[in-house]
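Down below is the structure, laid out as structure tokens.
The values are calculated or read from the model by the stated rules, or taken from the named source; none is laboratory data. Nothing here was measured: the structure is a model prediction, and the numbers come from that model. Here the Cβ positions follow ideal geometry from the backbone for every residue, glycine too, while neighbour counts run over all protein chains shown.
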Amino acid sequence: MKLGFEDGKVIGIALNATQKAYKAKSREFKLNALSKVLAQPEAYEDDSAFWQVAKELLSAKESLKEQLEYELRVEVPEYAVYGEEYIDNGARYQMDMAMQLPVSTAGALMPDAHHGYGLPIGGVLATKNAVIPYGVGVDIGCRMCLSLFSVAPSILKHKSEWFKSLLKEHTRFGNRDVFEDKMEHEVLERDEFNTIPFLKTLKKKAAHQIGTSGGGNHFVEFGVVNLTDANNEWGLPIGEYLGLLSHSGSRGLGASIAKCYTDLAREQCVLAEGAKHLSWLSLDTEAGQEYWAAMNLAGDYASANHEHIHKRISHALGEEHIARVENHHNFAWKELDAFGVEHVVHRKGATPAGKGVLGVIPGSMTAPGFIVRGKGVHKALNSASHGAGRAMSRAQAKGTISPKLFKDYLKGKGVQLIGGGVDEAPMAYKNIQQVMGYQNDLVEVLGTFSPRIVRMDRK
């Protein structure tokens, strides 16, 4: 189903055919074979193994023709891929399909790419005057924020219990915990909450969750920043600093916006079943303009959450930050290409890396993150990875990584964890050093951030 097979009879036929023809082959081999049949069923009408699968797919395709407003391109336009051998077939299949949209103008896959919904995580897609809600993603404007303090990071070892208490007291995660003493923020007074009818119903939830973080892979952590570029933007000397890094997004506000406008896009832009998550809204329509305004509001709300997180902890530390880097993903930007033509660039799990643009690319809770400066590579649509990227799904991680192995691994790396679970274990992620190696042409490294005390949603 993740490959794009519609639920029903065809899945049973496909599974039986694959098992009969390739019983001794690996799961990856079988899925790859099925993805090829799904992409071009007409090429398998006379295939001894998959002729029945092809017949069902072609029959479903024919019955959809009368309903379809838009046909996909037959050929997949070329696009840049970084770290190709590191990217699963599911992500490639999804990116291929996105490139076949009639509104697509360019694309790129980052080295942390893996299967998602609509666009793959790590997928970058440019379109002409159209925005794809699921090309942006559910957690709209999700971002990284790193604060540097003029404090020797050795304090983390000597006063670890105090730093753990700071995270427990001044952060909230998931849907259960919020702050009673909420801080005010101008984003909650934005006109969009009054002028867009759908957003009126979300203002109360946004106000309730302000300053908090989601579940999953969201975190707030203390660590060691090692600044290695003497020509950094803050004029700071190279060396080590105390760092505070947070990863969070737009919470229930963004998720509700994503669902509402994805449903609307699928009503207005009917696509074949396998491409349904890629339905778009034209920016010439009222719905498209509404979504664009709501998306930008959600992005600013996500930034406000980080502002509150860092403000609370900075105040508790009794320190003002001396440098800050913030960058977001799961968003769409209007940008000019090398020829001065405007495109809508979707970065789903990808970091903006235009020339001189700063960002943070995290590793895992034991692997270093990287403070980077973009090089502005047009072939990559001025983008880079947004992290290491998953090597295992959450279900795979839970099924293969024992709690003891996870605990021992953290201890061996000198990392203390509050909350979290094996689904976010470092072993479930790709090697960040390899990921960074694949994008040397896209960003230059200014320094690293090594986690020491990490807080995530409790399990």
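One residue alone among 294, 230 is in the same structural domain as residue 359 (by TED's automatic domain parsing), small (Gly, Ala, Ser) and assigned to a helix (DSSP H, G or I), and that residue is 294. Might you check whether a residue that is surrounded by fewer than 15 Cβ atoms within 10 Å (Cβ to Cβ), among the basic types (Lys, Arg), under 29 Å from residue 266 (Cβ atoms) and without any contact (Cβ under 8 Å) to a residue 24 or more places away in the chain occurs anywhere in region 69-85? No, region 69-85 contains no residue that is surrounded by fewer than 15 Cβ atoms within 10 Å (Cβ to Cβ), among the basic types (Lys, Arg), under 29 Å from residue 266 (Cβ atoms) and without any contact (Cβ under 8 Å) to a residue 24 or more places away in the chain. Within region 1-22, being loosely packed, with under 15 Cβ neighbours inside 10 Å and within 16 Å of residue 57 (Cα to Cα) holds for 1, 2, 7, 8, 9, 12, 15, 16.
Looking only at region 248-263, decide whether some residue is assigned by TED's automatic domain parsing to the domain that holds residue 302, within 28 Å of residue 201 (Cβ to Cβ), under 25 Å from the mean Cα position of the chain (by Cα) and without any contact (Cβ under 8 Å) to a residue 24 or more places away in the chain. Yes; the residues of region 248-263 include at least one that is assigned by TED's automatic domain parsing to the domain that holds residue 302, within 28 Å of residue 201 (Cβ to Cβ), under 25 Å from the mean Cα position of the chain (by Cα) and without any contact (Cβ under 8 Å) to a residue 24 or more places away in the chain. A single member of 261, 301 is buried (at least 23 other Cβ atoms within 10 Å of the Cβ), touching a helix residue (DSSP H, G or I) at 6+ places or on another chain (Cβ under 6 Å), aromatic (Phe, Trp, Tyr) and under 30 Å from residue 10 (Cα atoms), and it is 261.
Looking at region 292-346 only, could you name the residues that are more than 18 Å from the chain's Cα centre (by Cα) and over 28 Å from residue 172 (Cα atoms)? Matches in region 292-346: 292, 334, 335, 336, 337, 338, 339, 340, 341, 342, 343. Taken together, the residues in region 23-42 that are more than 17 Å from residue 272 (Cβ to Cβ) and exposed (fewer than 15 other Cβ atoms within 10 Å of the Cβ) amount to 7.
Can you find, within region 205-257, the residue that is nearest to residue 187 (Cα to Cα) among those that are modelled with pLDDT of 95 or more and of a type in the set (D, E, K, R)? The selected residue is 251. Just one of the listed residues (63, 48, 59) is modelled with pLDDT of 90 or more, surrounded by fewer than 20 Cβ atoms within 10 Å (Cβ to Cβ) and among the polar types (S, T, N, Q), namely 48. Number of residues in region 367-403 that are in a loop (DSSP other than H, G, I, E, B) and either closer than 24 Å to residue 225 by Cα or outside the structural domain of residue 421 (by TED's automatic domain parsing) (or both) equals 7. Looking at 387, 349, 374, just one residue is surrounded by fewer than 23 Cβ atoms within 10 Å (Cβ to Cβ), within 20 Å of the chain's Cα centre (by Cα), touching a residue at least 12 places away in the same chain (Cβ under 8 Å) and closer than 24 Å to residue 91 by Cβ, and that residue is 374.
Can you name the residue in region 193-212 that is surrounded by fewer than 19 Cβ atoms within 10 Å (Cβ to Cβ) and under 14 Å from residue 296 (Cβ atoms) and is also nearest to the chain's Cα centre (by Cα) among such residues?
Step one: filter region 193-212 for residues surrounded by fewer than 19 Cβ atoms within 10 Å (Cβ to Cβ), giving 194-198, 200-201, 203-205, 207-208.
Add one more test, that the residue is under 14 Å from residue 296 (Cβ atoms), and what stays is 195-196.
Working: 195: 29, 196: 26 Å.
Applying the filter and picking the extreme gives 196.
Scan region 233-278 for residues that are within 22 Å of residue 324 (Cα to Cα) and in a loop (DSSP other than H, G, I, E, B) and the total you get is 8. Being within 31 Å of the chain's Cα centre (by Cα) and part of a loop (DSSP other than H, G, I, E, B): is that true of residue 3 here? Criteria met by residue 3.
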